[in-house]
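Novice: One structure follows; several queries about it will come next.
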Amino acid sequence: MEIKYHIRDYCIIRNQRISLNGNLIFTGSETIPQSFFTEAYKHFNINYPKFHKMDNLSKLGFLACELLLEHKNIPGIVKGEDVGIILYNAASSADTDRIHQKSIQDRSAYFPSPSVFVYTLANIVIGEICIRHKLFGESTFFISERFNAELLHSYVSLLLDDCVIQSCITGWLELDGDHYDGVLYLIEKTPSGNGGFVIFEPEKLSEIYLQGT
Amino acid sequence: MEQLINKLKNEIIEALNLTEMTPESIDENAPLFVEGLGLDSIDALELIVLLEKKYGLKLSTAEDGKKVLRSVKSMAEFIRANNKG
């Protein structure tokens with residue numbers, strides 16, 4: 001099989017732990033997602049006040065991308081329009097939808113929060129990442145029953161084959177209540193850096209996804 | 001008035017999730033938008049909800065909004081003028 005593309009880096013956030021390229025880089029003590037994300041934000045000395053206004057799904061995606069893109073010398077991400085973001089999950093924005101629904105449940109105390117409402121779409125997390133990293137490439141958020149390496153691989157490959165993008169941030173970004181599971185990959189068309197990259201293929205995506213589970 | 005301003009600062013911090021700010025770090029005379037706290041349009045809507053939810057006050061026109069939401073102090077003056085503070 002011809003090797004076409006590469007997994008440059010990958011970041012996994014689940015079970016109060018964060019790993020980058022298979023190395024555990026943070027273990028938190030907070031069990032509630034929002035508290036854990038804030039704990040990680042402080043641990044990595046991130047300075048981006050907008051983070052605190054995001055919903056939990058956006059916080060999860062934001063944190064994963066902060067760590068994934070900390071290598072600033074990747075040729076593929078020099079030009080924002082060359083970088084795509086293709087994400088998947090099962091719960092869509094249900095977690096935030098419920099918070100919004102609760103605020104409009106009682107007609108006598110009807111105070112929907114605008115800052116909650118704006119996150120009642122799963123793809124808002126993509127917008128937050130694009131704003132933060134100045135990315136303008138193709139983006140889509142798919143809702144899928146479960147992590148599907150074949151689906152992820154085929155769609156991202158299509159975009160890379162057609163030269164729509166040169167690099168892609170892709171992966172599974174699930175958040176629902178107290179459950180969170182973020183696995184993001186940075187896929188490169190042309191290998192950069194010092195080598196040692198993982199081949200971009202469904203088997204490798206699954207292998208990485210299952211790490212630490 | 002000072003008591004109302006402090007109360008309002010705490011409510012703004014909570015409503016807008018300004019977790020890295022304290023009431024003392026907010027200048028009540030500074031502009032709320034662009035400069036000062038650097039709030040955005042969604043924050044403006046959230047402040048309008050805050051005025052209605054906590055003080056039962058509604059802004060009737062866009063011009064009122066510009067005037068009232070200029071600073072923490074102008075918000076407090078609006079609440080006081082409407083005898084809800």
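Novice: Quickly run through region B:63-85 and pick out the residues that are part of a helix (DSSP H, G or I) and not basic (Lys, Arg).
Specialist: B:63, B:64, B:65, B:68, B:72, B:74, B:75, B:76, B:77, B:78, B:79, B:81
Novice: Here's a follow-up. For residue B:46, only one of the following conditions fails: (1) away from chain A (no Cβ under 14 Å); (2) of a type outside the set (A, V, I, L, M); (3) in contact with a strand residue (DSSP E or B) (Cβ under 9 Å, 6 or more places away or on another chain). What is its number?
Specialist: Condition (1) is where residue B:46 drops out.
Novice: So, one more: Polar (S, T, N, Q), without any contact (Cβ under 8 Å) to a residue 12 or more places away in the chain, within 14 Å of another protein chain (Cβ to nearest Cβ) and surrounded by fewer than 17 Cβ atoms within 10 Å (Cβ to Cβ): does that describe residue A:154?
Specialist: No; evaluated as a whole, the condition is false for this residue.
Novice: Which of (1) in a helix (DSSP H, G or I); (2) within 14 Å of another protein chain (Cβ to nearest Cβ) is the odd one out, the single condition residue B:36 does not satisfy?
Specialist: Condition not satisfied by residue B:36: (1).
Novice: Restricting to helices (runs of 4 or more DSSP H) lying wholly in region A:83-154: which have 2 or more residues that are closer than 30 Å to residue A:201 by Cβ?
Specialist: On the way: elements: A:94-103, A:114-117, A:124-133.
By residue number, A:124-133.
Novice: Something else now. Would you check if there is a residue in region B:50-62 being part of a helix (DSSP H, G or I) and at pLDDT below 90? Give the steps one after another, and end with the answer.
Specialist: Taking region B:50-62 and keeping what is part of a helix (DSSP H, G or I), we get B:50-55, B:62.
Going one step further and asking which of them are at pLDDT below 90, we end up with B:62.
The answer is yes, given that some residue of region B:50-62 is part of a helix (DSSP H, G or I) and at pLDDT below 90.
Novice: State which residue pairs qualify: first residue more than 13 Å from residue A:33 (Cβ to Cβ) and within 13 Å of chain B (Cβ to nearest Cβ) and inside region A:44-64, second residue buried (at least 17 other Cβ atoms within 10 Å of the Cβ) and of a type in the set (Phe, Trp, Tyr) in any location, beta carbons under 7 Å apart, and separation of 6 or more residues or different chains.
Specialist: Going by the 7 Å Cβ cut-off, the qualifying pairs are A:51/A:41; A:51/A:62.
Novice: So residue A:4 fits all but one of (1) assigned to a helix (DSSP H, G or I); (2) touching a strand residue (DSSP E or B) at 6+ places or on another chain (Cβ under 9 Å); (3) charged (D, E, K, R); what number is the exception?
Specialist: Single failed check for residue A:4: (1).
Novice: Of the residues in region B:1-20, how many are surrounded by fewer than 16 Cβ atoms within 10 Å (Cβ to Cβ) and either within 14 Å of chain A (Cβ to nearest Cβ) or part of a helix (DSSP H, G or I) (or both)? Reasoning before the result, please.
Specialist: We begin by selecting, within region B:1-20, every residue surrounded by fewer than 16 Cβ atoms within 10 Å (Cβ to Cβ); these are B:1-3, B:7, B:10, B:14, B:19-20.
From what is left, the residues that are either within 14 Å of chain A (Cβ to nearest Cβ) or part of a helix (DSSP H, G or I) (or both) are B:2-3, B:7, B:10, B:14, B:19-20.
Final tally of qualifying residues: 7.
Novice: Here's another thing I want to ask about it. Got a sec? Which of B:31, B:23 is more than 14 Å from every other protein chain (Cβ to nearest Cβ), within 23 Å of residue A:48 (Cβ to Cβ) and without any contact (Cβ under 8 Å) to a residue 24 or more places away in the chain?
Specialist: Within the list B:31, B:23, the selection yields B:23.
The values are calculated or read from the model by the stated rules, or taken from the named source; none is laboratory data. Since this is a predicted model, take the numbers as computed values, not measurements. Positions of Cβ are backbone-derived with ideal geometry, glycine not excepted, and every protein chain shown enters the neighbour counts.
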